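**Student:** I have a structure I would like to understand better, so I am pasting it below and will then ask my questions one at a time.
Laboratory data are not the source of any read-out in this text; all were calculated from the coordinates shown. Quick caveat: nothing in here was measured; it's all calculated off a predicted structure. Cβ coordinates were reconstructed from backbone atoms using ideal geometry, including for glycine residues, and neighbour counts include every protein chain displayed.
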Amino acid sequence: MELSGFYKLSVEERLKKIKEVAGLTDEEAELLRDGGALKIEVADRMVENAIGAVHLPLGIATNFKVNGKEYLVPMAIEEPSVIAAASKAAKLTLPDGFRAEAEEPVMIGQIQLVGVDDAVAAVKKLEEKKEDIMKLCSEQLKNLEKYGGGIRDVVFRMLKTPRRDMVIAEFEVDMRDAMGANMMNTMLEAVSPTVAEFAGGETRLRIISNLATKRKVRARAVWKKDKLGEGAVDKILDGYELAANDIYRCATHNKGAMNGIDAVALACGQDWRAIEAGMHAYAAISGKYKPITHFEKDKEGNLTGTIELPMAVATVGGATGTLDTAKVNLKIIGAKTSQELGMIMACVGLANNFAALYALTTTGIQEGHMKLHARNIAVLAGASTPEEIDGVAEKMAKENNYTSDFAKKALDEIRKG
């Protein structure tokens, strides 16, 4: 959603605007104003040995239009320039915005079987018993089936390892709007004794896979050459080719996309570690670590960008139901399903990836980043009021000097009047 001049507003004015647009209650707005403080009693029930909570700044990315619908996107991140970069990149796609699609929310779970006398025969036996195994799975997923989810398939394969031959049973479950780890793992543990009996072996691992290749999202956008400036398209494509052909650049290239995706995941109570693990595994699934985005020039000379990656996210269950800030942020973003949330997150990832390439190949990544980072340096130098922080930051930007020594000198000048 485009909110003209949003970044120029005060914090209170921004919060008032978001409250109006997202329809937040007074209590929800106050929760954000107070930094989303997590009560220690809740934290103590979420993790072991709890002693408090850690806070991250929460901002709003604007200008996002996905499949014709406008969104405000909450992002929780400590790094300056990421939210601004996402908003700028999204604005440059307008009026068309992003197009995105999501596969059905199917997760994969595995049961590892060892100690079978004949792995080939065990796989054959399991295939003969597939219908019975599917029924057992269905019995464990009755509640999920009420919402249209449930077991979709089970496949069996032999795995040769240096230690010994193993049999792997892989279960595909439609999780609907849940991420699904707890449901999957509970089901796997319940059916594993029967699966082991059919195979004539013993079970070892029974666990969900974070390589959610059945649950991918894709997004696409076009950045018009006239908006990017002379030669910018070719410069960006040169930068992209380095990522496509060099693993050292590729790691940072993919991180550029995850800057946005992780920030939305944190804001909305998602398992960002699972998303990260799935992304990196998918980036290397061909045997070579590759970019999760792709950029090329269209017939008119404009830049087109696409992104594809597994996206196991949820709008129900887990931290989305425990963390009050996650509930509020999901309300702000307005995603009704896990698929819709995944598509939005993919678009943010593509926007941030484009923004990084654009900055790197034109002005350089530090120009805009350091201007925004200047306020952090000002605080480290001892600035303690909004006036001091902004004043030091302005002096640093004016002199293009972002050292801590200069910040301290600027602060002394401000305090002396």
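**Student:** If I model a spin label at Asp132 and Arg163 as a point 7 Å from the Cα along the Cα→Cβ vector, what separation in nanometres do I get?
**Tutor:** My value for the distance between the label points is 2.8 nm.
**Student:** While we're looking at this one, here's another question. Assuming R0 = 51 Å, what is the FRET efficiency of Ser384 and Glu296, from their Cβ-Cβ distance, to the nearest 0.05?
**Tutor:** Numbers: r = 49 Å, r/R0 = 0.97.
Given R0 = 51 Å and the Cβ-Cβ separation, E is 0.55.
**Student:** Post the alpha-carbon centroid distance, the stretch 47-91 to the stretch 214-233, in whole angstrom.
**Tutor:** 20 Å
**Student:** Continuing with this model, one more query. Distance between Cα centroids, the stretch 248-278 to the stretch 333-365: provide it in whole Å.
**Tutor:** Rounded to whole Å, the Cα centres lie 10 Å apart.
**Student:** Okay, next question. Whose amide H sits under 5 Å from the amide H of Asn63, counting only residues 5 or more places off or on another chain, with H placed in the peptide plane?
**Tutor:** Glu2, Leu3
**Student:** Nothing charged except the Cβ atoms of Lys and Arg (+1) and of Asp and Glu (-1): what's the magnitude of the dipole of the chain about its Cα centre? Round to the nearest 20 debye.
**Tutor:** Value, rounded to 20: 600 debye.
**Student:** Does anyone have the angle between helix 130-140 and the longest principal axis of the chain? Alpha-carbon axes, 0 to 90°, nearest 10?
**Tutor:** 50 degrees
**Student:** Follow-up. Hey, any idea what the orientation-averaged projected area of the convex hull of the stretch 368-416's Cα atoms comes to, in nm²?
**Tutor:** Working: hull surface 11.0 nm².
If I average the Cα hull's projected area over directions, I get 2.7 nm².
**Student:** Taking θ as phi - 60°, what are the ³J(HN,Hα) couplings along the stretch 14-27 by the Karplus curve (6.51, -1.76, 1.60), each to the nearest whole Hz, with x for Gly and Pro?
**Tutor:** My calculation for the stretch 14-27 gives 4, 4, 5, 5, 5, 4, 5, 5, 8, x, 6, 7, 4, 5 Hz in order.
**Student:** Please name which of Gly115, Ala244, Val42 has its Cα lying farthest along the dipole of the chain towards the positive end, using unit charges on Cβ (Lys, Arg +1; Asp, Glu -1) and the Cα centre as origin.
**Tutor:** Ala244
**Student:** Once amide H atoms are built 1.01 Å from N in the peptide plane, which residues 5 or more positions from Leu56, or in another chain, come under 5 Å H to H?
**Tutor:** The answer is none.
**Student:** Using the 10 angstrom Cβ neighbour count as an exposure proxy, how do Arg163, Arg273 rank, fewest first? The partial results should precede the final answer.
**Tutor:** Working: Arg163 7, Arg273 11.
Going from sparsest to densest Cβ surroundings: Arg163, Arg273.
**Student:** P(r) tail for the stretch 106-208, what percent of Cα pairs lie past 23 Å? Don't skip to the end; give the middle numbers.
**Tutor:** On the way: 1172 of 5253 pairs.
The answer is 22 percent, as a whole percent.
**Student:** Could you bin all the Cα-Cα distances of the chain into 20 Å bins starting at 0 and give me the percent of pairs in each, rounded to whole numbers?
**Tutor:** Answer for the chain: a P(r) of 23, 50, 23, 4, 0 percent.
**Student:** What share of all Cα pairs of the stretch 1-98, in percent, falls into each consecutive 5 Å distance bin?
**Tutor:** It works out to 2, 11, 19, 19, 18, 12, 9, 6, 3, 0, in whole percents.
**Student:** Okay, next question. Check Leu205: other-chain or 5+ apart residues with amide H under 5 Å from its amide H, H built from backbone geometry?
**Tutor:** HN-HN under 5 Å from Leu205: Gln112.
**Student:** Which ³J(HN,Hα) values in Hz, rounded to whole numbers, follow from the phi angles of the stretch 282-298 under the Karplus curve 6.51 cos²θ - 1.76 cosθ + 1.60, where θ = phi - 60° and Gly and Pro get x?
**Tutor:** Rounded to whole hertz, the list is 5, 5, 10, 5, 7, x, 10, 6, 10, x, 8, 10, 9, 10, 7, 9, 8.
**Student:** Using the Karplus equation 6.51 cos²θ - 1.76 cosθ + 1.60 (θ = phi - 60°), what ³J(HN,Hα) coupling, rounded to whole Hz, does each residue of the stretch 223-231 give in order, writing x for Gly and Pro?
**Tutor:** Per residue, the Karplus-derived 3J(HN,Hα) values read 10, 5, 4, 5, 7, 8, x, 4, x Hz.
**Student:** With no solvent and one equal point scatterer per Cα, compute the Debye intensity ratio I(q)/I(0) for the stretch 260-358 at 0.11, 0.14, 0.19 Å⁻¹ and report its log10, rounded to two decimals.
**Tutor:** Cα-only, vacuum Debye calculation for the stretch 260-358: -0.37, -0.58, -0.93.
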